[in-house]
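Taking it in order: structure first as structure tokens, then the write-up.
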Amino acid sequence: MIDPHRPQRRRRVLAVATGLTAGLLATAGALTVASTADAATTLGASAAATGRYFGTAVAAYKLSDSTYSNILNTEFNSVTPENEMKWDATEPSQGNFTYSSADQIVNRARAQGMKVRGHALAWHQQQPGWTSNLSGTALRNAMLNHVTQVATYYRGKIDSWDVVNEAFADGGGGGRRDSNLQRTGNDWIEAAFRAARTADPAAKLCYNDYNTDGQNAKSNAVYAMVQDFKSRGVPIDCVGFQSHFNAQSPLPSDYQANLQRFANLGVDVQITELDIEGSGSTQANSYASAVRACLAVTRCNGITVWGIRDSDSWRASGTPLLFDNSGNKKAAYTSALAALNNGQPTDPPPTTTPPPATTTPPPSGSGCTATVSLNQWNGGFVATVRVTAGGNQLTGWSAGLTLPSGAAVTNTWNAQASGSSGTVNFANVAYNGTVNAGASTEFGFQGTGTGPGTASCTAR
Ligand code: 9MR
């Protein structure tokens, strides 16, 4: 349980690493700002010079506080809405979606060229009250509809989505956390990822958790899930490591190695909610270590701190952030910036001779093909349909799918359905009718009963 007022309780399981980290801290000591001529002077610019982002959690109601927003504008190039995109905030009653608070953050960030991390589509906490009346297929459908609606609304605006948050149990068991979502069936996580991919194909889709920062039973379980997803083609692009540290749960000595082993599975890794309780040089050195760990892993493409000033933190009494209550830079800030400025670019240095141009032969055949990826559970399904153009550009398409008897379409995205049972035709909508030769677009639908396995495609 996350309890902002009693944070130590949920972090207990990582207390074992204390001794190791003391050694790490003793050798860290990067407290001087790099003096190279091109050292950037803000967190965001320094991270950008290494091909990464440096972000912060943002609360919409604080944007009118000028100290807060000045630091935000100056220092960060990515934001995560701290609470505004959660299920209780975005769907307070079933089927009624409210985005005004999240929009304030998203629109402001995008206007300033900042990235946005979406947090979080499916989570056992901060659910609206109405979900407690649902279980089984009804809850599964409600969750998938939520994922679909929110990810569709923000389609094209989100760099990375925390599709599923905190689904694994603490302690040594290495299993899933019991929750209402888990009780809809073990495949709820992959169902959520598939729905998110269909709704926003360009966003990176992350699994996000805490107490997974070092190698332990919980991170091993997440690792096994990511490995399984990659092997079965379940769409996952990144893993978020929350990284809430304090004396009982310090930065683990194998932090970098743990990030690297996940990256080696073929996913990006991101530090998503960094905060480190403490003060002075101890805290500063830990921040530098965390930054260096990310910089040392090529696929660690961003760091987000969980708030701006200490007073903005969910655990303010632990003074875990980079700015003090008045907005002054702390030693931790100086040290994090120095570590960023000593980082190496992730991109290879530019080559002087451009690579020879390659020509791609045009795909053979005309018309289009459609393939179905089905996510079936007892009583319902989500179908993701990929429409691929043949040798000619499509300027409109329609896909036909025949539903088995008793099945019905309840909800469609990225296409216009005619009918809901039997053979249903799905036509393109305004924004996805044009598909270049050989390229693809996806649409999806949710239904009750058993979903269809094949689709035909017609260019129109
Ligand atoms: O910082 C968030 C705080 O304002 C909320 O009250 C709390 C409710 O659960 O969630 C906090 O953010 C959490 C994040 O969404 C998921 N990981 C743990 C974070 C700290 O509790």
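The values are calculated or read from the model by the stated rules, or taken from the named source; none is laboratory data. Computed from a predicted structure; not experimentally measured. Because the Cβ atoms are built from the backbone with ideal geometry, glycine has one as well, and the counts that use them run over all protein chains shown.
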Requested in this report: Scan the strands (runs of 3 or more DSSP E) fully inside region 384-460 and keep the ones with 2 or more residues being within 15 Å of Gly367 (Cβ to Cβ).
Outcome: 397-402, 440-448, 456-459
Report task. Return only the number of the condition from (1) more than 16 Å from Arg197 (Cα to Cα); (2) crowded, with 16+ Cβ neighbours inside 10 Å that Phe443 does not satisfy. Result -> (1)
Report task. Would you point out the residue of region 157-175, among those that are closer than 13 Å to Ala120 by Cα and hydrophobic (A, V, I, L, M, F, W, C), that is farthest from the chain's Cα centre (by Cα)? Result -> Ala167
Query raised in the report: Of all residues in region 199-231 being within 15 Å of the chain's Cα centre (by Cα) and hydroxyl-bearing (Ser, Thr, Tyr), which is farthest from Arg117 (Cα to Cα)?
Result: Tyr210
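Determine, yes or no, whether Asp275 is surrounded by 18 or more Cβ atoms within 10 Å (Cβ to Cβ) and of a type outside the set (Gly, Ala, Ser). It would help to see each step written out before you state the result.
Values: surrounded by 18 or more Cβ atoms within 10 Å (Cβ to Cβ): yes; of a type outside the set (Gly, Ala, Ser): yes.
Criteria met by Asp275.
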Query raised in the report: When both residues are 6+ apart or on different chains and their Cβ atoms are under 7 Å apart, which pairs have a first residue that lies in region 79-91 and is over 16 Å from Gln270 (Cβ atoms) and touching a residue at least 40 places away in the same chain (Cβ under 8 Å), and a second that is surrounded by fewer than 22 Cβ atoms within 10 Å (Cβ to Cβ) and of a type in the set (Ser, Thr, Tyr)?
Result: Thr90/Thr98; Thr90/Tyr99
Report summary line: (1) modelled with pLDDT of 95 or more; (2) surrounded by 12 or more Cβ atoms within 10 Å (Cβ to Cβ); (3) not hydrophobic (A, V, I, L, M, F, W, C) all hold for Gly343 apart from (1)
Requested in this report: For residues that are surrounded by fewer than 21 Cβ atoms within 10 Å (Cβ to Cβ) and closer than 19 Å to Pro81 by Cβ, scanning just region 125-153, find the one that is farthest from the ligand (Cβ to nearest atom).
Outcome: Thr152
Query raised in the report: For Thr67, are the conditions met, namely being within 16 Å of the ligand (Cβ to nearest atom), at pLDDT 95 or above, within 22 Å of Gly318 (Cβ to Cβ) and of a type outside the set (Phe, Trp, Tyr)?
Result: no
**Report entry** Condition met for Tyr99 (aromatic (Phe, Trp, Tyr), out of contact with any Ser or Thr (no Cβ under 8 Å at 6 or more places or on another chain) and more than 16 Å from the ligand (Cβ to nearest atom))
**Finding:** no
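Tell me yes or no: at least one residue of region 281-294 is under 28 Å from Asp200 (Cβ atoms) and assigned to a helix (DSSP H, G or I). Full working, then the answer.
Let us first name the residues in region 281-294 that are under 28 Å from Asp200 (Cβ atoms), namely 294.
Checking which are assigned to a helix (DSSP H, G or I) leaves us with 294.
For region 281-294, residues under 28 Å from Asp200 (Cβ atoms) and assigned to a helix (DSSP H, G or I): present.
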**Report entry** Pair list, Cβ < 7 Å and 6+ apart or interchain, from region 304-333 residues that are more than 15 Å from Ser243 (Cα to Cα) to residues that are more than 13 Å from the ligand (Cβ to nearest atom) and among the β-branched types (Val, Ile, Thr)
**Finding:** Ile308/Ile71; Asp310/Thr319; Phe323/Ile71; Gly327/Thr67; Gly327/Ile71
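Per-residue answers, yes or no, for (1) of a type outside the set (A, V, I, L, M, F, W, C); (2) within 16 Å of the ligand (Cβ to nearest atom); (3) closer than 27 Å to Ala203 by Cα:
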residue	(1), (2), (3)
Ala263	no, no, yes
Leu274	no, yes, yes
Val297	no, no, yes
Asp312	yes, yes, no
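If the requirement is being among the hydrophobic types (A, V, I, L, M, F, W, C), over 17 Å from Ala151 (Cα atoms) and away from the ligand (no atom under 16 Å from the Cβ), which of these qualifies: Ala47, Ala57?
On the way: Ala57 fails: away from the ligand (no atom under 16 Å from the Cβ).
Testing whether each residue is among the hydrophobic types (A, V, I, L, M, F, W, C), over 17 Å from Ala151 (Cα atoms) and away from the ligand (no atom under 16 Å from the Cβ) leaves just Ala47.
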Report summary line: Per the filter on region 314-326, residues more than 23 Å from Cys206 (Cα to Cα) and either crowded, with 17+ Cβ neighbours inside 10 Å or within 12 Å of the ligand (Cβ to nearest atom) (or both) are Arg315, Ala316, Gly318, Thr319, Pro320, Leu321, Leu322, Phe323
